[in-house]
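Here the structure comes first, spelled out in structure tokens, and everything after it is commentary.
The values are calculated or read from the model by the stated rules, or taken from the named source; none is laboratory data. Given the structure is predicted, the values throughout are model-derived calculations rather than measurements. Here the Cβ positions follow ideal geometry from the backbone for every residue, glycine too, while neighbour counts run over all protein chains shown. These accessible areas exclude ligands, DNA and RNA; they are computed on the full protein's heavy atoms, side chains included. Shrake-Rupley method; radii C 1.70, N 1.55, O 1.52, S 1.80 Å.
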Amino acid sequence: MSDITIPAGERELPGYLAVPDGEGPWPGVVIVFEAMGANEDMRAQADRFAANGYLAVLPDLYDGAPWIRCVTKAMRDMRSRRGPAYDHIEAARAWLAGRDDCTGGVGVCGFCMGGGFTLVAAAKYDFQAAAVNYGMLPRRPEEALRGACPIVANYGGADPTLRGAAGKLERALDGAGVTHDVKEYPATGHSFLTMGTLPAPLGPVAKIAFGMGRGRENAADGWERIFAFFGEHLTEKSTT
């Protein structure tokens, strides 16, 4: 596990690379972080993928700057479905796919804000599988997701900010003809798949606004579904 730089056009983007034990090549995964940036919790998710046999890279879409200075611009990029953040995601995918220790097959996994990026990237770039975790849906989702790679998605039924999103996403993917596994967990809030915490005074506010902290007992099932889905649509196809 190491800090790395990713070629991104005429510049380099900082990132974090997690490499599985043993000998490759392995399928790759690009991790797209939550609004708080490339923190230890997001690095832990890259490590989780490496422990399950994936070459995982976490690009720092904020380019080393504090999240508080960058999150508004990143959210604008996410909603507009274009901009530097998407360019960085594609740069990370291309860099990973071109490595000798990668099979060339690459998936993408995003959390919160990163889940919104991941939904768009699933159709915009050459990913083989995508994991969308409590991600905001793009405008006109059926149109935006047409041609997307297979998508597995996790949502919490007690997340006030994404009420009904799972059902809307499933209908859009059905309409777009995209292979998918979408699940909403009852009595579960935002960010239930990871153990990240928000700095005070944001923590108490997030419990109310996002339902954070609720339903983390469902994390094991969510991760089991992600790895089963990636095993079918990324790992197996990377070795055939």
(Q) Defining a contact as two alpha carbons under 8 Å apart and six or more residues distant in sequence, what relative contact order in percent does the chain show? (A) 16 percent
Q. Among the GluC sites (Glu not before Pro) within segment 55-151, which fall in a DSSP loop and have no more than 10 other Cβ atoms within 10 Å of their own Cβ?
A. none
Q: Can you grab the distance from the C-alpha centre of segment 85-105 to the C-alpha centre of segment 144-197, Å, no decimals?
A: 25 Å
(Q) Just to be sure I understand: with springs between alpha-carbon atoms less than 10 Å apart, which residue in 65, 46, 158 has the highest mean-square fluctuation in the Gaussian network model of the chain? (A) 65
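Per DSSP helix of 4 or more residues, -39500 (n - 2.57); summed, then divided by the residues of the chain. What does that give at 222 nm, rounded to the nearest 500? If you can, show how the numbers build up before the last one.
Numbers: 8 runs with 88 residues, N = 240.
Computed mean residue ellipticity for the chain: -11000 deg cm²/dmol.
State to the nearest 20 debye the size of the charge dipole of the chain about its Cα centre, where the only charges are +1 on K and R beta carbons and -1 on D and E beta carbons.
1060 debye
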**Q.** Net lengthening on full extension, residue 1/residue 63 (0.36 nm per residue, minus Cα-Cα)
**A.** 20.4 nm
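How much accessible area per residue does segment 60-161 have, counting only protein heavy atoms and a probe of 1.4 Å, in square angstrom?
Dividing the accessible area of segment 60-161 by its residue count gives 37 Å².
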**Q.** Carbon and sulfur %, accessible surface of the chain computed with the full protein complex present, 1.4 Å
**A.** 51 percent
(Q) Which aspartates and glutamates, if any, have their Cα less than 12 Å from the Cα of residue 183, not counting same-chain residues under 8 positions apart? (A) 170, 221
Q: May I ask you to list the aspartates and glutamates whose Cα is less than 17 Å away from that of residue 124, ignoring any residue fewer than eight positions away on the same chain?
A: 77, 87, 90, 142, 143
Q. Which helices, taking whole DSSP H runs in the chain, have alpha carbons extending 15 angstrom or more along the helix axis plus mean Kyte-Doolittle at least 0.0?
A. 113-124, 219-230
Q: Please express the shape of segment 80-173 as an equivalent ellipsoid: the semi-axes are the square roots of 5 times the eigenvalues of the C-alpha gyration tensor, given largest first in whole angstrom.
A: 24, 13, 12
